[in-house]
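Worksheet: the structure to be examined is printed underneath.
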Amino acid sequence: MIKSVNAYAAASATAPLAPHPITRRLPRPDDVEIDILYCGVCHSDLHTARNDWGWTHYPIVPGHEIIGRVVAIGSQVSRFKVGDRVGVGCMVDACGHCEACEEGHEQHCSETATYTYGAPDRIDGSLTQGGYSEKIVVKEAFVVRIPDNLTLQGAAPLLCAGITTWSPLKNADIGPGSRVAVVGLGGLGHMAIKLAKAMGADVTLFTRSPGKEEDAHRLGADRVVISTDAAQMAQVAGHFHLIVDTVPYVHDLNAYIPTLRFKGSLVLVGYLGPLEPALDSMPMVIGGKAVAASMIGGMAATQEMLDFCGQHDIVSDVEVIAMQDINDAYERMLKSDVKYRFVIDMASLKVEA
């Protein structure tokens with residue numbers, strides 16, 4: 001084991017995050033050791049810290065939008081060297097041999113992917129701990145390279161928000177001539193707009209809140225539609241090839257289905273759980289429309305997304321915070337009081353030493 005490193009952890013579902021040293025393993029032959037420079041703050045971090053999904057084991061160190069530099073490599077590592085700018089997202093391992101893994105979709109591993117925090121390590125059984133810490137040690141195959149032209153703090157949310165919105169766009173073969181709508185303008189939504197626009201699509205923001213036009217256009221949206229306005233919704237009936245729905249809470253999908261074109265799809269990327277009110281299948285049957293869901297992406301897709309962002313100078317809009325401000329950030333995140341992603345400057349953690 002390497003020496004204890006500084007981290008912030010939740011000790012229970014009701015306890016604020018607080019300093020909690022953790023121990024990282026020595027690099028295995030196929031491992032990369034990373035000094036963490038920045039870590040994005042995701043809604044999943046908050047849900048896990050507060051045990052909203054019912055599976056959290058404490059203490060837990062959240063964080064799966066990790067950016068850093070390589071400081072050591074195992075004897076079998078060939079893709080990275082000391083000093084490289086790298087990232088780690090939502091996964092740190094998978095079985096590697098099931099159908100999903102062999103097709104490059106490790107996030108759908110039939111034996112369950114090993115997530116970056118709160119999952120048992122596949123070799124020693126220890127609980128994985130995330131990026132709200134000074135260092136992390138990760139299997140080479142689950143480390144990605146960060147393009148040199150991207151700001152490190154802005155690149156951090158690409159490891160979750162970026163790949164989460166990239167996957168449905170890529171799977172739908174979005175490009176010039178495509179018409180894409182994005183539901184919700186938050187951490188996921190603003191990335192969906194940027195990526196869809198860079199792919200060449202005509203992009204619309206669906207929102208319930210007037211006053212977002214200026215920011216939506218700045219991010220790349222061609223128009224804004226107020227989804228509670230029946231007249232505006234009627235104007236885009238049968239219009240969209242793809243709707244990327246980023247809203248993280250239960251909401252009514254029925255108003256959006258008529259805006260899909262023939263064989264169009266609405267893909268949920270923000271919400272997990274039962275739909276209320278019930279989904280009316282009639283508008284889907286007429287026109288061959290679909291409602292689907294998507295989660296992050298495999299490692300090859302994540303690197304492809306990062307390379308695309310490098311080519312198009314795309315990063316997330318972020319507010320950089322100190323590690324000591326994480327609990328306030330969680331409360332602000334619940335109020336949607338951030339444009340559009342918090343990112344922790346991990347240099348602030350060194351003052352805990």
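The values are calculated or read from the model by the stated rules, or taken from the named source; none is laboratory data. The structure presented is a predicted model; accordingly, all values stated were derived computationally and were not measured. Every residue, glycine among them, receives a Cβ derived from its backbone with ideal geometry; neighbour counts consider all protein chains shown. Surface accessibility is based on the protein's heavy atoms, side chains included, excluding ligands, DNA and RNA. Shrake-Rupley method; radii C 1.70, N 1.55, O 1.52, S 1.80 Å.
Helix 187-198 versus the longest principal axis of the chain: what is the Cα-based angle in degrees, 0 to 90, to the nearest 10? The angle comes out near 70 degrees. With the simple model of a label 7 Å out from the Cα in the direction of the Cβ, residue 57 to residue 127 spans 0.7 nm. Express in whole angstrom the spacing between the alpha-carbon centres of segment 1-65 and segment 81-103. Comparing the Cα centres of segment 1-65 and segment 81-103, I get a distance of 18 Å.
Compute the distribution of all C-alpha to C-alpha distances in segment 172-236, in bins of 5 Å from 0, and list the percent of pairs in each, rounded to whole numbers. Calculated over all Cα pairs of segment 172-236, the distribution is 4, 20, 31, 24, 15, 5, 0 percent.
Compute the Cα gyration tensor for segment 193-267, then decide on rounded, prolate or oblate, letting a ≥ b ≥ c be the square roots of its eigenvalues: rounded whenever a/c is under 1.5, prolate when a/b is larger than b/c in the other cases, and oblate in all that remain. Rounded is the answer for segment 193-267, as its axis ratio a/c remains below 1.5.
Accessible surface of residue 246, taken over heavy atoms with a 1.4 Å probe and every protein chain present, rounds to 10 Å². Using a ≥ b ≥ c from the Cα gyration tensor of the chain (square roots of the eigenvalues), is it rounded, prolate or oblate, where a/c under 1.5 gives rounded and otherwise the larger of a/b and b/c decides, a/b for prolate? Prolate is the answer for the chain, as a/c is 1.5 or above and a/b outweighs b/c.
Note on segment 303-343 and segment 176-223: Cα centroid distance 17 Å, given to the nearest whole angstrom. Dividing the summed helix terms, -39500 (n - 2.57) for each DSSP H run of n ≥ 4, by the number of residues in the chain produces a 222 nm estimate of -6000 deg cm²/dmol to the nearest 500. For residue 263, the lysines whose Cα comes closer than 22 Å to its Cα, not counting residues fewer than 8 places off in the same chain, are 170, 197, 289. To the nearest 10 square angstrom, how much accessible area does residue 3 have with a 1.4 angstrom probe? In the full protein context, residue 3 sits at about 150 Å². Ranking 261, 208, 218 by solvent-accessible area of protein heavy atoms (1.4 Å probe, all protein chains present), from largest to smallest, gives 208, 218, 261.
Each Lys or Arg adds one and each Asp or Glu subtracts one; over the other residues with Cβ under 14 Å from the Cβ of residue 343, this totals -3.
Converting phi to 3J(HN,Hα) with the Karplus coefficients 6.51, -1.76 and 1.60 and the offset θ = phi - 60°, segment 174-181 yields 5, x, x, x, 7, 10, 10, 10 Hz in sequence order, with x at every glycine or proline.
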